[in-house]
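Notes for the one structure printed next.
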Amino acid sequence: MAPSFEDGNSVFEFVVRRGNGVKGLVDSGLSKVPEAYVQPPKERIDKENAVKHGLPPIDLSKLDGFGPDHDEVADQIVKAAETLGFFQVVNHGVPLHLLESLKDTAHYFFSLPPQRKAVYRSDVSPSPLVKYGSSFMPEKEKALEWKDYILMQYTNDDEALQHWPQEIKGVLLEYLRSSIGMVKKLLQVLLGNFGIKPDDPMIDVLIGKKMLSMNFYPACPNPDLTVGVGRHSDMGTLTVLLQDGIGGLYVKMEQDMDYGKKGDWIEIPPTPNALVINVGDMLQILSNGKYKSAEHRVRTTSTSSRVSIPIFTMPKETTKIVPLSQVVKKDGTALYREFVLIDYMKNFFGNAHEGKKSLDFAKINLT
């Protein structure tokens, strides 16, 4: 017989404090979603009326060399960053066998006994580089997110090998190593659009810090009432995301496009062998709003559990962030103030997900 989860306190105690996670909730024999996970109607995802993103993935192999193919792909990348803030890429240089191994490893890790994962709860983790948890900010959320995760900060290979969980560290390090070249290429294109040279040290500064996460969304008895992740934008520079074949990723349109209207939510369907790239807040700020950090969220499903594995790239905490001077000169005014990244991070990680409200921290009020 499943334990009773009639009130939010018992759910919080079981899932968060004891580290059982949402998976422990499901494994207990749950037949309906506890009230603590029921989202307000306006936050629920309307799967039936969502637009499907039908644009083909961008072929990054065409960025090698020069000529019309290179320029065409560069234009596709810039246009995607200026409009939706999300795009998919193929021929990205990350081995395809590694993508499959990552998904298998994520499923394996979250199938481990709760006590193995719970040792990395933030209040007891043996390392500040590793955190296991459920939902984004459970202490401050009106309704919890239907997600478990393990989050790793990358400093160097030696510390990762020493502190990251034994079951996942090897495949995650390989994922990071094989992805960074692609991220640099994308930034060379996106910053090149503003006249910044490919060998400018700024590119390395913008990805000076990396975090990786394995996310697990257990099958949900009432997916229409819940969200896997609530509305938010990523705070960093660029995010690389591996999603599995189940899908559930939705992005909000910031302007009218051929395939939808401003304010519509569109589904990013999984594409075989592709990685998803999305623009983060730092790139929106640096570009003075030219590039759009994408507001996105994740739906749950009743049929099977879903995994996703993002790499978050961002500057180091002590970096000063300010819109690029050449862009501000052209625009005539800066839309964002100068700040140190650690202050933005404290604000971002100190609040529940609420769309792109995190950007208000840096916005200059021009009215």
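The values are calculated or read from the model by the stated rules, or taken from the named source; none is laboratory data. Please read these numbers as outputs of a predicted model, since none were measured by experiment. When we count neighbours, we look across all protein chains shown, and the Cβ atoms used for this are built from the backbone with ideal geometry, even at glycine. Ligands, DNA and RNA are excluded from the accessible area calculation, which covers all protein heavy atoms including side chains. Shrake-Rupley method; radii C 1.70, N 1.55, O 1.52, S 1.80 Å.
Structure above, values below:
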item	result
The stretch 31-136 - convex hull of the alpha-carbon atoms, volume per residue in Å³	225 Å³
Exceeding the 28 Å Cα-Cα cut-off - candidates LYS79/LYS197; LYS52/LYS356; LYS47/LYS169; LYS184/LYS262; LYS290/LYS316	LYS47/LYS169; LYS184/LYS262
Sequence-distant residues sharing a close amide H with MET257 (under 5 Å, placed H)	LYS262
Accessible surface of the stretch 50-362, 1.4 Å probe, proportion on carbon and sulfur as whole %	52 percent
Nearest-10 value in Å² for the accessible area of HIS232, using the 1.4 Å probe	20 Å²
With all protein chains modelled, accessible area of TRP146 [1.4 Å, Å²]	0 Å²
From phi via Karplus (6.51, -1.76, 1.60), per-residue ³J(HN,Hα) for the stretch 254-260 in Hz, x at Gly/Pro	8, 7, 5, 9, 4, 9, x
Pair SER125, LYS42: separation of 7 Å Cα→Cβ label points (nm)	3.3 nm
For THR301, residues with placed amide H under 5 Å, excluding near neighbours	CYS220
Net charge of Cβ neighbours under 14 Å - reference TYR344; Lys, Arg +1; Asp, Glu -1	+2
Amide H contacts under 5 Å for ALA294, placed H, 5+ residues apart	ASP234, VAL279
For the chain: relative contact order, % (alpha-carbon pairs under 8 angstrom, 6 or more apart)	21 percent
Note, ³J(HN,Hα) from phi for the stretch 276-293, Karplus 6.51, -1.76, 1.60, rounded to Hz, x at Gly and Pro	9, 10, 9, 6, x, 4, 4, 6, 5, 5, 4, 7, 6, x, 5, 8, 10, 5
The stretch 7-52 versus the stretch 321-351: alpha-carbon centroid distance in Å	35 Å
Simple label model, 7 Å out from Cα along Cβ direction - ARG337 to LEU96, nm	5.1 nm
Qualifying trypsin sites (Lys or Arg not before Pro) for the stretch 229-306 [loop in DSSP, other Cβ within 10 Å: at most 16]	LYS261, LYS262
Three-way shape label, the stretch 50-362, alpha-carbon gyration tensor, a/c 1.5	rounded
Alpha-carbon centroid distance for the pair the stretch 94-113 / the stretch 280-299, whole angstrom	28 Å
